[in-house]
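Before any comments, here is the structure.
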Amino acid sequence: MIAPPTLKATFLDVYQPRKLINCADETVRQYLLIIGLFSRHLGFSASIANLNDADVAAFLDAYSRERPRSNRRRSPATVNKARDHLLAIWRYLHGQGLVTKLPDIAPIKVFKRVPTAWDTFQVGELLNSATRLTGDVMPGVSRADFFVALFLVAYDTGLRKGALLGLRRSDVDLRRGHVLARAETQKQKANQLLTICEQTSDAVRELWLPDRELLFEFPKKLDKTKL
C-alpha cells in the first residue's frame, strides 16, 4: 500500500506554486510553521490523509491550550489563523480531487476588546533603556542605535512586527520623511505611504550603513520573536 504524500511536500509541490504566487516569504514560513506544529501534535509527519475533521480539530484544541513563551494561552485570533492556513490547503486539495471531504470546523469566536496601549511616558522609558544597550548588532551598527530607530519607526508608523522587520532601505525616503509599507506585508494588501518625524529620520540615519537590503536586518544571534 502506498503511503499518502506528506502535507509539507504537497504544500511545497502543489499548493505554494499555484496559490501563493508572489507572496511574501513570511507567508510561506507561517504555513510551514503550522504544518510543522500539526505534525508535532500528531507525533509524525502529517499527510493529506490527516486533513480530516477529527485530526485538525484536535490539533486546534491543543494549540489553543498550549502556553508559548509568554505563558499565556494563544488568542482566538492566533488559533483561527492556524485554522485558516490548514483549511485553505484542505479546500484547494479537495478541489483538485486529492481529498474527498471538505472541512466542517467552525472558527473560534473573536471578541473585539479595547487594546492596551503604552502611554508616552512608557515609550520614553523604553527608548531610554534602548540608549543604554551595549555592543553591535552588525559591524558599524550599535545595538543602541538599532533599537532606538526600530522603536521610533514603530511608534510613528504603527506597523506590525512583520511589516516593520520587512522594511527595505529602498522603502525609506529620509529626505521627505516617508516610509513605504509594501502591499505584500500589509493585511489590507495595499501599499501605504507613512510619515516619520525628524527625530525618527535622524535615528534611521545612524544605522543607514552598511549597505544591505533590509533596514532592520536581524542577526541570527538576536531573537526577533521576543519583540
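Part of a helix (DSSP H, G or I), in contact with a Lys or Arg (Cβ under 9 Å, 6 or more places away or on another chain) and within 11 Å of Phe216 (Cβ to Cβ), is that true of Ala144? Here the answer is no, as Ala144 does not meet what is asked. Applying the selection to segment 126-140, what residues are over 20 Å from Leu209 (Cβ atoms) and of a type in the set (D, E, K, R)? Within segment 126-140, just Arg132 meets the criteria. Checking Ala130, Ala144, Ala106 one by one, the residue that is under 30 Å from Val56 (Cβ atoms) and either outside the structural domain of Pro76 (by TED's automatic domain parsing) or surrounded by 15 or more Cβ atoms within 10 Å (Cβ to Cβ) (or both) is Ala106 and no other. Residues that are under 20 Å from the mean Cα position of the chain (by Cα) and either without any contact (Cβ under 8 Å) to a residue 40 or more places away in the chain or within 25 Å of Ser201 (Cβ to Cβ) (or both) are absent from segment 117-133.
Examine segment 43-55 for a residue that is of a type outside the set (Ser, Thr, Tyr), in contact with a Leu (Cβ under 8 Å, 6 or more places away or on another chain), outside any loop (DSSP other than H, G, I, E, B) and under 20 Å from Ile108 (Cα atoms), and state whether such a residue exists. Within segment 43-55, one or more residues are of a type outside the set (Ser, Thr, Tyr), in contact with a Leu (Cβ under 8 Å, 6 or more places away or on another chain), outside any loop (DSSP other than H, G, I, E, B) and under 20 Å from Ile108 (Cα atoms).
Being out of contact with any Cys (no Cβ under 6 Å at 6 or more places or on another chain) and buried (at least 19 other Cβ atoms within 10 Å of the Cβ) is not true of Val123.
The values are calculated or read from the model by the stated rules, or taken from the named source; none is laboratory data. Please read these numbers as outputs of a predicted model, since none were measured by experiment. With ideal geometry, Cβ positions are generated from the backbone for all residues, glycine too; neighbour counts draw on all protein chains shown.
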